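The values are calculated or read from the model by the stated rules, or taken from the named source; none is laboratory data. Computed from a predicted structure; not experimentally measured. No Cβ is skipped: glycine too gets one built from the backbone with ideal geometry, and neighbour counts run over all protein chains shown. The accessibility values were calculated without ligands, DNA or RNA, using every heavy atom of the protein model including side chains. Shrake-Rupley method; radii C 1.70, N 1.55, O 1.52, S 1.80 Å.
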Amino acid sequence: MTFRKEVRTWLAEHLVGEFAPLVGTGGPGREHEHVELRTAWEQELGRGGWIGLGWPTDVGGRGASIEDQVTFHEEYAKAGGPARIGHMGEQLAGPTIIAFGTQEHKDRFLPGILAGTELWCQGYSEPGAGSDLAAVRTRAELRAGAWHVSGQKVWTSLAHLADWCFVIARTDPGSVRHRGLSFLLVPMDQPGVEVRPIVQLTGTSEFNEVFFDDAVTPAENVVGEPGDGWRVAMGLLAFERGISTLGQQVGFTREYDEVLALARSNGTFEAFEERLVDTWAGLQVLKHQALRTLDSDASSSTGVEANVNKLLWAPWHQKLGELAMAVAGPPSTLVSPEGLSPLQNLFLFTRSDTIYGGSSEVQRNVIAERHWKLPKDRP
Amino acid sequence: MSDLDDLRSAVRGLLTTHAPVRAQLHDDPSVWKRLTAEMGLMSLPSEGMPFSYVCAVLEETGRVLLRAPYLSSVVAAAALHQLGDTTYAPGLADGSITAALALDGRLDQVVDGAGASILLLADGDDLLVVEDFTAEPLEPMDRTRPQARVDLTRPGQRLGTSSHARNLQYVALASESVGAAQRVVELTVEHLRVREQFGRPLGSFQALRHRVADLTVAVEAATSSAWYAARAVSASPEADLPVAAPLAKAVTADAFVRVAGESIQLHGGIGFTWEHDAHLYFKRAWTTSLMHGDSRTLRRLAFQRAGQ
C-alpha cells in the first residue's frame, strides 16, 4: 500500500463516528471549536502513529521523508482533518527538545507529545516584546533546585488547554537583548500561572495572556545552557522548511473555491472576474513556491524561504478575505444569530496573518539583512 | 542537481567573459559559435535532455539579455524534436541554422526573424515550418532583441499542432525573464550597498530595504512559477503544462516589469542614463510583457484551461 493510500484509508476509517463533527473545524480564527473532542482526536492520531512523522525513529518518530510528510498534510487537509491541537508540541517544542535537549528531556517530554496526552503552548511574545522579541522582560531565577518565573506573556494560543509552556525568560539579571535568556519548560497547572483569554476583533478568543507570578519548574527543565535560550529559540527556524504549507494550501483552495462558487451563484462573477482570476493565479504560485522550497533539487537556496513564503501567503490570504466580502456584497456586513460565517471569519481573522509569526515588516527586514546583507537601519 | 548547476556555471562563465550586457547591443557571431559549436547548447533538445536544462541555460542568457537567437532556436528545436522531425534537427543542433518563431501568427513583428533559416508559424491550431521568406529588420526599442517584418515567399509545410510549441515558448520566456529579473535585483542591491547619501549607505534606509525585500519576494515567486512550468514540460505535458506555461509567462513577465521599473527608481539619476544597463533590462521586460500574450489574457487562459 502506498503511503498516500495508507493515510487516506486511516483517515477514512477514523475521522468518523464520534469524530465526525470535527471535519473542517479549528484553525486560525476557529481555535475555540470543539476543543475537548479535538484533544481526544490528537490522542487518536497518536495511537495511529501519525504524530512526529518526521521525527527520527530513535526518539519515537517515524523518520518519514519530506515527500511523505507533505503527503500526510495534503491528505489530512483534503479529508477535512481538524486543526491540530497538539501542533505546538509536535512542530515547536518537540523538535527543539530533539535538537537541543538532554536524553532526560527527550524521555520525559517526547512520549507525551507523540501520544497527544500533553499539550504545549509557546511563551515568546510579551506586551513589550512583539516584533522585538529580544526585549523580553519575563525573568527566572534559580533557587533551591527550581526556576522561579515571573512576568507576562501574550498572544499565547491554546494556553488555556496546554499542560506545558516553553518560555523564553531572562535568567541573567542585568543582561540585555539576546544574551542572558534561557529556554525553560514550565508546567501550566500551578498556582503561579494565570491564563486570561484575549477577545480578538473577531469577537472570539483563541489567544491568551499568561501571567507568571513566581511559577516554578525544576532546575533541569532548561533546554540548552542557561543564558543560551536565544540560540535555542531561533535554532528551530533553521529546520523550518514549510512542510505543513501544502496542507495549509489545501485549506486555501477550499476557501477560494467557496468564494468562486458564491460569485457564480450570486451573479457577481463577471464583475469580479479579473480579481477571481488573479487570486486563483496567486494560489497556484503559492503552490509552486512551496513545492520548489521543498524540492532539494531546486537550485539557489536563499536561506530566507520561510520569510518569502510568509510574505507571499499572508497578504494573498488577506486579499482573499476582502474578495470574499466584495463578492458577497452588502449582506456580508450582517452577522447571523449563529455568529460569523466562515467567509466573514476569514475576512476578519486574516488581518492577523500579516502580524503573527513575525510581522510582514519583520520578514522584510530579515530578507534585507540575512539574504542581501544590507547594513542595519541604525546609526 | 549538480549537472544542472555545472551547466549554469559554465554558461554564466562564458557569457560573463564573452557576452556581457553591453555587448548585446550589436551582433557578434562569435557568441553564437561559442554557445553552439563550443558548448553544444543547441543540441540539448535533440539529445533528449529535459527541458529544464534548456531553461537553466535561458536563465543565464536572460541575465545578460543575450541578443543571439538562442531562445527562438531552442524552442523551435524542442518543438521539432517532439514532432519527430529529422530534417532541421541536425542544423539546429550544431548551430549552423537558426529559427524564428511566429507562434502568435503575427508576421509583422518576428523576433530573430532576420538571419533565421526557418520560421515556425502558427496558423490557428496548425504549426507550419516555413523555409522561404524574406525578413526586413525593424528598429526595436529593446536593441538587445532584434525584430523583423517577415513576408512569406512560399507557404509553409504543416508539421502538427501549434499548442505545444506555444507552451514551450511561454516557459522559455519565463525562464529568461526570471534570470533577468534576478540579475536586476542583484544590481540594485549592489548599488544600495555602495551608494552613500546623508553619510550612510542607501541600503541602510528601511524604506529602501523593504522595497528590496518585496522585489525579492516577487522574483522568488516568479522563479517558482517558471521552475514548476519547466518541470511540467517533462512531468505532465498534457495535463499540467497547458496551465502552468501561460501562467508562468504572465507571472514572470509581471515580476520582471516590476523589478526593472523599480530598479531605475532605486538607482536614482544614474539609472536614467543611457550609460547604465538599467534601461536595457527595463526595455526587455516590457518587450517580453507586451509580446507573446499579455499577462491578463494569459492568466485567464490558464484559469480556463484549469477548468475553473
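What is the number of the single condition among (1) within 14 Å of chain A (Cβ to nearest Cβ); (2) free of Cβ contacts under 8 Å to residues at least 24 places away in the same chain; (3) closer than 23 Å to residue B:244 by Cβ that residue B:52 does not meet?
Result: residue B:52 fails condition (2) only.
Looking only at residues that are within 14 Å of the chain's Cα centre (by Cα) and under 21 Å from residue A:170 (Cβ atoms) in segment A:80-118, which one is surrounded by the most Cβ atoms within 10 Å (Cβ to Cβ)?
Ranking the qualifying residues of segment A:80-118, first place goes to A:93.
Quick one: is residue A:269 closer than 22 Å to residue B:226 by Cβ, more than 10 Å from chain B (Cβ to nearest Cβ) and not hydroxyl-bearing (Ser, Thr, Tyr)?
no
Going by what's in this entry, would residue A:321 be described as farther than 27 Å from residue A:263 by Cα, small (Gly, Ala, Ser) and either part of a helix (DSSP H, G or I) or within 14 Å of another protein chain (Cβ to nearest Cβ) (or both)?
So residue A:321 does not fit the description; no.
Search segment B:269-289 for residues being charged (D, E, K, R) and closer than 18 Å to residue B:67 by Cβ, and hand back the single one that is surrounded by the fewest Cβ atoms within 10 Å (Cβ to Cβ).
Among those residues, the one meeting the criterion is B:283.
Return the only residue of B:209, B:143 being more than 8 Å from chain A (Cβ to nearest Cβ) and either at pLDDT 95 or above or over 30 Å from residue B:117 (Cβ atoms) (or both).
Unique residue meeting the criteria: B:143.
Here is a yes/no grid of residues against (1) part of a strand (DSSP E or B); (2) closer than 28 Å to residue B:286 by Cβ; (3) over 22 Å from the mean Cα position of the chain (by Cα):
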residue	(1), (2), (3)
B:97	no, no, no
B:101	yes, yes, no
B:108	no, yes, no
B:113	no, yes, no
B:135	yes, yes, no
B:139	no, yes, no
B:155	no, no, yes
B:158	yes, no, yes
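Is one or more of the residues making up segment B:173-180 under 28 Å from the mean Cα position of the chain (by Cα), open to solvent by 10 Å² or more (accessible area, probe 1.4 Å), more than 13 Å from chain A (Cβ to nearest Cβ) and more than 23 Å from residue A:364 (Cβ to Cβ)?
no
Of (1) out of contact with any Ser or Thr (no Cβ under 6 Å at 6 or more places or on another chain); (2) in contact (Cβ under 8 Å) with a residue 40 or more places away in the chain, residue B:121 satisfies all except one. Which?
So residue B:121 meets the others, but not (2).
Look through segment B:290-299, keep the residues that are within 11 Å of chain A (Cβ to nearest Cβ) and surrounded by 20 or more Cβ atoms within 10 Å (Cβ to Cβ), and return whichever of them is farthest from residue B:110 (Cα to Cα).
Residue satisfying both the conditions and the ranking: B:299.
Restricting segment B:218-256 to residues that are buried (at least 24 other Cβ atoms within 10 Å of the Cβ) and among the β-branched types (Val, Ile, Thr), which is farthest from the other protein chains (Cβ to nearest Cβ)?
Looking at the filtered set, the residue picked out is B:233.
Report, by residue number, each residue of segment A:337-379 that is in contact with a His (Cβ under 7 Å, 6 or more places away or on another chain) and either in a loop (DSSP other than H, G, I, E, B) or more than 14 Å from every other protein chain (Cβ to nearest Cβ) (or both).
A:350, A:353
Run down A:172, A:107, A:68 and say which single residue is farther than 24 Å from residue A:195 by Cβ, assigned by TED's automatic domain parsing to the domain that holds residue A:223 and among the charged types (D, E, K, R).
Answer to the check: A:172.
Here are some conditions: (1) open to solvent by 50 Å² or more (accessible area, probe 1.4 Å); (2) in contact (Cβ under 8 Å) with a residue 60 or more places away in the chain; (3) not small (Gly, Ala, Ser). Residue B:153 meets all but one. Which one does it not meet?
(2)
Consider only pairs whose beta carbons are under 7 Å apart and that are at least six residues apart or on different chains; among these, list those whose first residue lies in segment A:58-73 and is of a type in the set (Val, Ile, Thr) and whose second residue is crowded, with 18+ Cβ neighbours inside 10 Å.
Cβ pairs passing all conditions: A:59/A:98; A:59/A:110; A:66/A:243; A:66/A:294; A:70/A:243; A:70/A:246; A:70/A:294; A:71/A:7.
Please find, within segment A:1-19, the residue that is least open to solvent (accessible area, probe 1.4 Å) out of those that are assigned to a loop (DSSP other than H, G, I, E, B) and more than 11 Å from residue A:45 (Cα to Cα).
A:16
Go through (1) open to solvent by less than 20 Å² (accessible area, probe 1.4 Å); (2) touching a helix residue (DSSP H, G or I) at 6+ places or on another chain (Cβ under 6 Å); (3) at pLDDT 90 or above and name the single condition residue A:77 misses.
Of the numbered conditions (1) open to solvent by less than 20 Å² (accessible area, probe 1.4 Å); (2) touching a helix residue (DSSP H, G or I) at 6+ places or on another chain (Cβ under 6 Å); (3) at pLDDT 90 or above, the odd one out for residue A:77 is (3).
Take segment A:316-358 and flag every residue that is polar (S, T, N, Q) and under 25 Å from the mean Cα position of the chain (by Cα).
Listed by number, the residues that qualify are A:318, A:341, A:344, A:345, A:350, A:352, A:354.
Sort out which residues of segment B:183-213 are touching a Lys or Arg at 6+ places or on another chain (Cβ under 7 Å) and open to solvent by 20 Å² or more (accessible area, probe 1.4 Å), and write them in order of number.
Result: B:183, B:201, B:202, B:210.
Which of the residues belonging to segment B:286-305 are of a type in the set (A, V, I, L, M) and under 12 Å from the mean Cα position of the chain (by Cα)?
B:291, the sole residue that qualifies.
Within segment A:131-159, work out how many residues are farther than 18 Å from residue A:188 by Cβ and either charged (D, E, K, R) or free of Cβ contacts under 8 Å to residues at least 24 places away in the same chain (or both).
Matching residues across segment A:131-159 total 6.
Got at least one residue in segment A:119-126 being part of a helix (DSSP H, G or I) and open to solvent by less than 50 Å² (accessible area, probe 1.4 Å)?
No, segment A:119-126 contains no residue that is part of a helix (DSSP H, G or I) and open to solvent by less than 50 Å² (accessible area, probe 1.4 Å).
How about segment A:338-368: which of its residues are open to solvent by 70 Å² or more (accessible area, probe 1.4 Å) and at pLDDT 95 or above?
Passing the criteria: A:351, A:361.
Here are A:311, A:291, A:334: which of them is facing chain B (nearest Cβ under 9 Å) and surrounded by fewer than 20 Cβ atoms within 10 Å (Cβ to Cβ)?
That would be A:291, the only listed residue that is facing chain B (nearest Cβ under 9 Å) and surrounded by fewer than 20 Cβ atoms within 10 Å (Cβ to Cβ).
Applying the selection to segment A:90-104, what residues are touching a residue at least 40 places away in the same chain (Cβ under 8 Å) and part of a helix (DSSP H, G or I)?
Hits for segment A:90-104 are A:91, A:92, A:93, A:94, A:95, A:96, A:97, A:98, A:99, A:100, A:104.
Given the structure, is residue B:266 within 14 Å of another protein chain (Cβ to nearest Cβ), within 20 Å of the chain's Cα centre (by Cα) and buried (at least 20 other Cβ atoms within 10 Å of the Cβ)?
For residue B:266, the condition - within 14 Å of another protein chain (Cβ to nearest Cβ), within 20 Å of the chain's Cα centre (by Cα) and buried (at least 20 other Cβ atoms within 10 Å of the Cβ) - is not met.
Just to be sure before I move on: is residue B:37 away from chain A (no Cβ under 14 Å), part of a helix (DSSP H, G or I) and either at positive phi or over 19 Å from the mean Cα position of the chain (by Cα) (or both) in the structure I sent?
When the stated conditions are applied, residue B:37 passes them.
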